[in-house]
1. Only one of these conditions is not met by residue 212: (1) touching an Asp or Glu at 6+ places or on another chain (Cβ under 7 Å); (2) assigned to a strand (DSSP E or B). Which number is it?
2. Is it the case that residue 159 is in contact with a Pro (Cβ under 8 Å, 6 or more places away or on another chain) and either hydrophobic (A, V, I, L, M, F, W, C) or farther than 16 Å from residue 248 by Cβ (or both)?
3. Can you name every one of the strands (runs of 3 or more DSSP E) wholly within segment 388-492 that holds 1 or more residues which are modelled with pLDDT of 95 or more and among the polar types (S, T, N, Q)?
4. Does at least one position in segment 126-143 carry a residue that is buried (at least 24 other Cβ atoms within 10 Å of the Cβ), at pLDDT 95 or above and not hydrophobic (A, V, I, L, M, F, W, C)?
5. Within segment 192-207, take every residue that is out of contact with any Asp or Glu (no Cβ under 8 Å at 6 or more places or on another chain) and buried (at least 21 other Cβ atoms within 10 Å of the Cβ) and give me the one that is farthest from residue 263 (Cα to Cα).
6. Just wondering, is there one or more residues in segment 195-214 that are acidic (Asp, Glu) and in contact with a Ser or Thr (Cβ under 8 Å, 6 or more places away or on another chain)?
7. Among the listed residues 261, 268, 254, 283, identify the single one that is within 26 Å of residue 475 (Cβ to Cβ), under 20 Å from the mean Cα position of the chain (by Cα) and assigned by TED's automatic domain parsing to the domain that holds residue 454.
Amino acid sequence: MGKKDKSAKTEKSEKHAKDERALDEQHSAQAEKPAKAEKSDKAEKSAKAEKSAKAEKSAKAEKSAKAEKSDKAAKAAKAEKSEKSAKAEKSAKAEKSAKAEKKQKKAEAKPMADAAPKDEHAKKDESAPEGSRISTPPSARRVLILTGGGDAPGLNAVLRAFVKRAVSHGIQVLGSEDGFSGLLEDRPRVRHLDEAAVRGILPRGGSLLGCSNLANPFEFPVGPKDKRTYEDRSERVAARLRELGVETLVLVGGDGTMNMGLRFQKLGMPVVGIPKTIDNDLGATDFTFGLDTAVDTATWAIDALHSTAEAHDRVMILELMGRHAGWIALCAGIAGGADVILIPEIPYDVDRVATKIRERSAAGSTFSIVVVGEGAFPAGGEISTLTKGRSGHLPRLGGAGQHLAQLLDGKCDHEIRVTVLGHVQRGGSPSSFDRLLGTRFGVKAADLCAEGRTGRLVALRGTVIRSVPLEEAVAKPKLVPPDGELVTAARAVGIEMGAA
């Protein structure tokens, strides 16, 4: 064996090594193949799981969308059913109201042989019962409301109720600022009133729209005070209302405003009136809103004067508002325990007043409280005024308390002091009674607009809100009956009324 054998052996050894490496590579490939298969299998399973999750999520989303759609459809069906039910109920109420109205008209038309003696306050109103709904489209689709004359507690209650009720009827409401002034100026001051505009005003005094007792469109002041003239600008108001598309004019005011309303009605502008005055002197209604709050304020003043009058042994004279009607003075005087009450309806004898004061002193009461209405005057004398009246405007009253103090001077030994309560009676938050009455008036006025029943005034008759012709509202003032129940009650508790 030489080199040849050695070379063959080496070659064989190298071949063996190559075979071993090939075998190792084969084994390695075979081992790697299952791993790759396993990895591929895992990837496939993961893809399938992800696909399944996506499918499940999509199915859930689709199911949720279907459920939501079904819920919305159910709610819509329920709302539609509720709306239909409300319409049916509304229709039924309207039908019931119409039947009641028809029945009431028949009853009023039928003579009553056993009726009590005729009383002008017992007349029935032909309107639908208070609070009923109007199912037909409103006769007036746009109205304008204004507050004329002086302010009165409860005005905002009226405005709030009127607007809310009118809006429920589908009526658009406009408001003129400062009475007729908002319509007479070159740039009209008229605003839209909706429920948002009247929110929160119920307990507030004054008027959301403002008031004016100077802007009489039939006697409108022109020029400076020293050269002032007066013009009839009613046609300008009527033209402005037509420009605004107003179909009904709603006036909140006293006898002066209602007289203007009656004149506009005759000029062809439909008018609805709401009685407002602290004086309570409108003959068409048993009460006006504002009186109750004014009486409360005056009663508080009398209570306050008692202590200071007693401390100084004085005669305290309290002058109250009311013009030619003594309702505030009489009611507050009785409620506050006044010793003397003097009202316009009973011209007084100053000697009777002095005698009452002396009798109280002799009995040990060293002070006296005397309440006097601003329109009160001595028998044979005149009403005290601050300024004279003119065409279309009433005189400004004042000085009745001071005049009485001058007449009493020297007739009694006490110091005499005069308090004029004045506009305090008009201000402040309205009483619950005035809020309630104002609300009822506002609702009734809106119903009249919706029914197209114009030329009428809302009124309290007994315990029911009615409507009466405007002519009745201004026919005659409602004054205190000198021999009425209130005066009799005052005398029965020892109050001197200034005359027998």
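The values are calculated or read from the model by the stated rules, or taken from the named source; none is laboratory data. The structure presented is a predicted model; accordingly, all values stated were derived computationally and were not measured. Don't worry about glycine lacking a Cβ; one is built from the backbone with ideal geometry, like all the others, and counts go over all protein chains shown.
1. (2)
2. Values: in contact with a Pro (Cβ under 8 Å, 6 or more places away or on another chain): no; either hydrophobic (A, V, I, L, M, F, W, C) or farther than 16 Å from residue 248 by Cβ (or both): yes.
No.
3. 415-420, 464-469
4. no
5. Top of the filtered list is 198.
6. Applying the first criterion (acidic (Asp, Glu)) to segment 195-214 yields 195.
Then drop every residue that is not in contact with a Ser or Thr (Cβ under 8 Å, 6 or more places away or on another chain), which leaves none.
No, segment 195-214 contains no residue that is acidic (Asp, Glu) and in contact with a Ser or Thr (Cβ under 8 Å, 6 or more places away or on another chain).
7. Details: 261 fails: under 20 Å from the mean Cα position of the chain (by Cα); 268 fails: under 20 Å from the mean Cα position of the chain (by Cα); 283 fails: under 20 Å from the mean Cα position of the chain (by Cα).
Result: 254 is the single residue among 261, 268, 254, 283 that is within 26 Å of residue 475 (Cβ to Cβ), under 20 Å from the mean Cα position of the chain (by Cα) and assigned by TED's automatic domain parsing to the domain that holds residue 454.
Table: residues versus (1) within 11 Å of residue 148 (Cβ to Cβ); (2) charged (D, E, K, R); (3) without any contact (Cβ under 8 Å) to a residue 24 or more places away in the chain.
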{"position": "233", "(1), (2), (3)": "no, yes, no"}
{"position": "252", "(1), (2), (3)": "yes, no, no"}
{"position": "262", "(1), (2), (3)": "no, no, no"}
{"position": "265", "(1), (2), (3)": "no, no, no"}
{"position": "276", "(1), (2), (3)": "yes, yes, no"}
